[in-house]
Amino acid sequence: MTATASMRWAEAHSHAEDSIEAASEAAARLLASETTPPDLLIAFFSPHHVAAAENVAATLRERVGPGCLAGVSAVAVITSRHEVESGPAIALLGAWLPGVAVKPFLLAPSAWGSAMTDATEFARHTPGVEKAELVLLLGDPFTLDVERVLAAFASYAPGIRVVGGMASAGPRPSANALILNDWVSRDGGLGIALSGALRVDVVVSQGCRPIGPPLMVTRAEEHVIHEFEGQPALERIEQVLRELPEREREMLKQGLYVGRPARGEASGRGDWLIRNLLGADRDHGVIAINDRVPERERIRLHVRDANTAREDLELLLAPQEFDGRAAGALLFSCNGRGKGLFGVPDRDVTTLQRSLGSDVPIAGMFCAGEIGPVGDRNFLHGHTASIAIVRPRTAGDTR
């Protein structure tokens, strides 16, 4: 455990196959040197424990007794030292937060519709968000329209930063599990607003690099792009790819992606929202991506690149070395990163620990979409690492 002033964070984990045993073991380790329950406990658990999510939640409530319990399933979980990409795992991150208000809320699809379009309903469904230093958001990718949720935040809580990720334990509806206190569900989402005596730095780091020139969309329909600059979309893309240098053509083996601008002209590599290329229809010359694309928008083709991902994260984390010691951190990494991208395990969490001076409690997961701000708006990302670094607020903090 690391103690910073009166704020304390701790991480503990278990690789036990039995879900109750794993939750109990991790809970005992978390509380080994504590005499009081944490104000906040977040559990990240692998697909092995989804079927027993209710038992995991009940065990953690009984053994830890946190002020607020949240949990989410993931294809891989992250501990303070490792990214556990295979086998059963539960990682717990506990926080003792004097002077911090912890306000949880549900994002239940059946109840949240009006909250996305009405300021009064939004405020009623999101207690504590108005003055939050940070909002943590976890959701099921099949049932939570997170893009609309983030649009509601932009409209009714402008400037409030949202960090989190989408559950990734399974590739179909009902394959994930979410926990908020005594609520356990296979759909929807949850949020936790944190305000008061804490300061949070947020880092959103890209895992792709742009290739070729910007391309203006001149005809599109929902997820389908028909034309770039008056030319059939597929034909224009193939033209761009033929003109790439040999090194960049080699990188296409890692996959081809589309970057949408997150802000302005999107001149920097961190200004893009990476989206998957779903397919192409040669007969009609169109492409489809996993997002709606408006006409007159300038997109950019991207490729996955381990060097870009590593350098970008190191650059964005560099200022942390000159700050006070962090109390804890949350790491939401794309499920396309990890060993498959870098060729070695634990790259993101090792880079984060190194920048924070080592031995900082960290936990998180590999996501089916990461949530984090670019500029003054929050977005759903792909192939990124979205990080929240928490410190106690001091008298000299002005933000």
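Structure summary
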item	result
Among (1) part of a strand (DSSP E or B); (2) touching a helix residue (DSSP H, G or I) at 6+ places or on another chain (Cβ under 6 Å); (3) under 22 Å from Ala169 (Cα atoms) - the single one Phe366 does not satisfy	(2)
So Gln353, is it outside the structural domain of Gln231 (by TED's automatic domain parsing) and closer than 30 Å to Phe153 by Cα	no
Check on Ala22, under 25 Å from Ala175 (Cβ atoms) and in a loop (DSSP other than H, G, I, E, B)	no
Single unsatisfied condition, Glu235 versus (1) surrounded by 16 or more Cβ atoms within 10 Å (Cβ to Cβ); (2) in contact with a Gly (Cβ under 7 Å, 6 or more places away or on another chain); (3) part of a helix (DSSP H, G or I)	(1)
From Val360, Val374, Val349, Val390, residue being β-branched (Val, Ile, Thr), at pLDDT below 95 and in contact with a Lys or Arg (Cβ under 9 Å, 6 or more places away or on another chain)	Val374
Members of region 45-58 that are touching a residue at least 40 places away in the same chain (Cβ under 8 Å) and either part of a helix (DSSP H, G or I) or not hydroxyl-bearing (Ser, Thr, Tyr) (or both)	Phe45, Pro47, His48, His49, Val50, Ala53, Glu54, Val56, Ala57
Unique residue being within 22 Å of Ala385 (Cβ to Cβ), assigned by TED's automatic domain parsing to the domain that holds Val64 and under 17 Å from the mean Cα position of the chain (by Cα) when the list is Ala151, Ala193, Ala177, Ala167	Ala167
Failed condition for Gly340, given (1) on the phi < 0 side of the Ramachandran plot; (2) modelled with pLDDT under 95; (3) part of a loop (DSSP other than H, G, I, E, B)	(3)
Total residues in region 42-52, condition surrounded by fewer than 24 Cβ atoms within 10 Å (Cβ to Cβ) and either out of contact with any Pro (no Cβ under 8 Å at 6 or more places or on another chain) or within 22 Å of Gly191 (Cβ to Cβ) (or both)	4
All positions within region 240-280 that are within 18 Å of Gly382 (Cα to Cα) and of a type in the set (Asp, Glu)	Asp271
Residue check, Arg148 basic (Lys, Arg) and under 18 Å from Val129 (Cβ atoms)	yes
Test for Ala193: is it assigned to a loop (DSSP other than H, G, I, E, B) and among the aliphatic types (A, V, I, L, M)	no
Meets criteria (outside any strand (DSSP E or B), outside the structural domain of Leu93 (by TED's automatic domain parsing), farther than 23 Å from Pro141 by Cβ and among the small types (Gly, Ala, Ser)) for Ala266	yes
Near pairs, Cβ below 6 angstrom, 6+ apart or cross-chain, from region 213-242 (under 14 Å from Ala280 (Cβ atoms) and assigned by TED's automatic domain parsing to the domain that holds Arg282) to any residue that is surrounded by 17 or more Cβ atoms within 10 Å (Cβ to Cβ) and of a type in the set (Lys, Arg)	Phe228/Arg236
Pro66 vs. criteria assigned by TED's automatic domain parsing to the domain that holds Ile20, at pLDDT 95 or above and surrounded by 18 or more Cβ atoms within 10 Å (Cβ to Cβ)	yes
Some residue of region 160-168 being in a strand (DSSP E or B), more than 15 Å from Cys367 (Cβ to Cβ) and not acidic (Asp, Glu)	no
Residues within region 279-305 that are without any contact (Cβ under 8 Å) to a residue 60 or more places away in the chain and either in a loop (DSSP other than H, G, I, E, B) or over 20 Å from Gln231 (Cβ atoms) (or both), tallied	4
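Yes or no, residue by residue, for (1) assigned by TED's automatic domain parsing to the domain that holds Glu227; (2) over 26 Å from Leu244 (Cβ atoms); (3) at pLDDT 95 or above; (4) among the polar types (S, T, N, Q):
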residue: Arg292; (1), (2), (3), (4): yes, yes, no, no
residue: Arg296; (1), (2), (3), (4): yes, no, no, no
residue: Ala327; (1), (2), (3), (4): no, yes, yes, no
residue: Leu330; (1), (2), (3), (4): no, yes, yes, no
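The values are calculated or read from the model by the stated rules, or taken from the named source; none is laboratory data. Remember, it's a predicted structure, so these values are computed and weren't measured experimentally. In this analysis, Cβ positions are derived from the backbone assuming ideal geometry, glycine residues included, and neighbour counts consider all displayed protein chains.
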